[in-house]
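No value in this document is a laboratory result; all are computed from the given coordinates. Because the structure is predicted, anything quoted here is derived from the model rather than measured. Reconstructed Cβ throughout: ideal geometry from the backbone, glycine too, with neighbour counts over all protein chains shown.
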Amino acid sequence: MLDHTPVAVMERHALRINPAKTCQPIGALYAASGLHRCLPHSHGSQGCCSYHRSHLTRHFREPVMASSSSFTEGASVFGGASNLVQALGTIFSTYGPDVVAVHTTCLSETIGDDIPSIIARAREEGAIPDGKHVIHASTPSYSGSHVTGFAAMAAGMVNYFAEEPTSSRRRKDGRTRVNIVPGFVEPSDMREVRRIAELMNLTPTVLPDTSGVLDAPATGTYEFYPKGGVTVDELRGLGRAVATVALGPQASRAAAVAVENRCYVPREILDLPIGIAATDRFVGVLRRRAAYEVPGELLDERGQLVDLMADARQHLHGKKVAIFGDPDHVVAMAEFVADLGMRPVHILTGTPGKSFEKRVGTLLAGRSPDANVRSRGDLFLLHQWMKNDPVDLLIGTSYGKHLARAEDVPFVRYGWPILDRFGHSYFPSVGYRGGLRLMEKILDALLDRRDRDAPDEEFELIL
Ligand code: SF4
């Protein structure tokens, strides 16, 4: 397995080997899935759409719906305007969504299709019924990653629907409204940030919100449009919030900025609330915005996490960790494992962006000063780092399993995509409860390895 990865690291600028990211439209498709009664639409070839749908389906174990402009040779040369107009007519007459969210692909971006003018033409020609909506995001895959695609579609929702505020920012029941952009996280994470905000006496609008869509229960009846997702009315009301909290700057900042620009709602840009420190910062912002004391239920959850951190410290202290995946995930995870007494020594994301390296440096200042940190990296480089400086644990997506096997390192699957395990979309990683779950996974991986390698005289029942 990966026997020929050389130890010597050579700087590469024009070549990626085993990338640690995928293409923008996947993120746009995922974000659009979190809009109620929305059909995501891929403006490109059927092959792109099939890949994006199947990749999301393999992670969530749910059917991920999307339509395609189905480019063939003609559209590739002359543009896909007539394909999109015809597709919109067919989609609304056959599938009856409230919204179609169009994202572009490499091909349509290279051709230069002007999506807003094609949408206007479709409306003029009657392909879009009255009261129905078509939004779009520009997502060529020769820049960014699935994370920036998510950010672009989340911002697109705001730009198409958010209205300037006309009514009070406080609801009649005295609860204050807040907007939360949850980042490219599991449906269960979106549900958890909503729960935490509600515990803080806030009424949150989570955008997008894939809870109830990609973790919907099996009832025996297939629902083409499950009950979850942020609604168009909720998006129109974004301007009534006291703030927009963006969780994970790479995936969420653009939407928060769009709300601020359109509705004058101030933004709060935070790390993903993974682990105790980042969750404290999230709860602190909610506390300030809600002018409400942290309730006992949340304090108890925090106390449980502190308790487990204290109980397990001797098994974690000084352990060297390699972490890779989406930048917002990796930044937050690096801080959490450092708070657990571990040493994150290799930290890598495939998504470009200098702010990643800066943020990791700030969070780990004085705790892991010699760490390798790289944005726009790949798993080939991460493997070389691991060969040069072996670790006790690898944390990342399913693509890390080959590295873990090659180097015989315990492996915790975290992030997107996870293609070879089950259940991840049902359990949150954010918040204090998410921290407990992550700790359980990390400890299980380390202690299973200890048991595996222990000689008989050190094979202990009680640790
Ligand atoms: S990289 Fe471009 S061509 Fe390839 S699947 Fe993604 S959008 Fe399609």
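Restrict the search to the stretch 126-190; then list the chymotrypsin sites (Phe, Trp or Tyr not before Pro) that DSSP places in a loop and that have at most 15 other Cβ atoms within 10 Å of their Cβ.
142
When DSSP assigns beta bridges and you keep just the ones with both residues in the chain, what percent turn out antiparallel, to the nearest 5?
Taking every DSSP beta bridge within the chain, about 5 percent pair in antiparallel fashion.
Pairs of Cα atoms under 8 Å, at least six residues apart: use those to get the relative contact order of the chain, whole percent.
It comes to 17 percent, rounded to a whole number.
Indicate the gyration tensor shape class of the stretch 240-279 (rounded, prolate or oblate), computed on the Cα atoms with a ≥ b ≥ c the square roots of the eigenvalues: a/c under 1.5 is rounded; otherwise a/b larger than b/c is prolate and the rest oblate.
Oblate, since a/c reaches 1.5 and b/c is not below a/b.
Choose one of 327, 461, 203: the residue whose Cα lies farthest towards the positive end of the charge dipole of the chain (beta-carbon charges +1 Lys, Arg; -1 Asp, Glu; about the Cα centre).
203
Might you report the magnitude of the Cβ-based charge dipole of the stretch 313-457 about its Cα centre, with Lys and Arg at +1 and Asp and Glu at -1, to the nearest 20 debye?
Numbers: 21 positive and 19 negative charges, 90 e Å.
Charge dipole, the stretch 313-457, about its Cα centre: 440 debye, nearest 20.
Mind checking the stretch 62-148 for GluC sites (Glu not before Pro) that DSSP puts in a loop (not H, G, I, E or B) and that have at most 12 other Cβ atoms within 10 Å?
Counting only loop positions with at most 12 other Cβ atoms within 10 Å, the GluC sites (Glu not before Pro) in the stretch 62-148 are 125.
Indicate, rounded to the nearest 5 percent, the antiparallel portion of the DSSP beta bridges found entirely in the stretch 24-143.
That works out to approximately 0 percent antiparallel.
I need the phi-derived Karplus couplings for the stretch 71-88: 6.51 cos²θ - 1.76 cosθ + 1.60, θ = phi - 60°, integer Hz, Gly and Pro marked x.
With the stated coefficients, the stretch 71-88 comes to 4, 10, 4, x, 5, 5, 8, 9, x, x, 4, 5, 4, 5, 4, 5, 4, 4 Hz.
If you plug each phi of the stretch 243-255 into the Karplus form 6.51 cos²θ - 1.76 cosθ + 1.60 with θ = phi - 60°, what whole-Hz ³J(HN,Hα) values come out, in order, with x for Gly and Pro?
Per-residue couplings from phi come out as 6, 10, 9, 9, 9, x, x, 5, 8, 10, 4, 4, 5 Hz.
Do any trypsin sites (Lys or Arg not before Pro) in the stretch 365-463 lie in a loop, going by DSSP, with at most 13 other beta-carbon atoms within 10 Å of their beta carbon, and if so which?
Sites meeting the loop and neighbour criteria: 421.
Can you work out ³J(HN,Hα) from phi for every residue in the stretch 275-286, in order, using Karplus 6.51 cos²θ - 1.76 cosθ + 1.60 and θ = phi - 60°, giving whole Hz and x for Gly and Pro?
Couplings: x, 6, 5, 5, 5, 4, 5, 4, 5, x, 5, 4 Hz.
Using amide H atoms built 1.01 Å from N in the peptide plane, name the residues 5+ places from residue 267, or on other chains, whose amide H lies under 5 Å from its own.
For residue 267, whose amide H was placed from the backbone, the distant partners under 5 Å are 244.
How would the chain be classified by its alpha-carbon gyration tensor: rounded, prolate or oblate, with rounded meaning a/c under 1.5 and the a/b versus b/c comparison settling the rest?
Because a/c hits 1.5 or more and a/b fails to exceed b/c, the chain counts as oblate.
Order of 139, 90, 22, 104 from fewest to most other C-beta atoms within 10 Å?
Arranged by neighbour count, lowest to highest, 139, 90, 22, 104 become 90, 22, 104, 139.
Can you tell me the 0 to 90 degree angle between the C-alpha axis of helix 46-60 and the longest principal axis of the chain, rounded to 10?
50
For the stretch 24-143, what is the charge dipole size about the Cα centre, in debye to the nearest 20, if Lys and Arg each add +1 at the Cβ and Asp and Glu each add -1 at the Cβ?
400
Which lysines have a Cα lying under 18 Å from the Cα of residue 354, excluding residues fewer than 8 positions away in the same chain?
Excluding near neighbours in sequence, the set is 21.
Once the Cα atoms of helix 187-199 and of the chain are each reduced to a long axis, what angle between those two axes, in degrees from 0 to 90 to the nearest 10, is obtained?
The answer is roughly 90 degrees.
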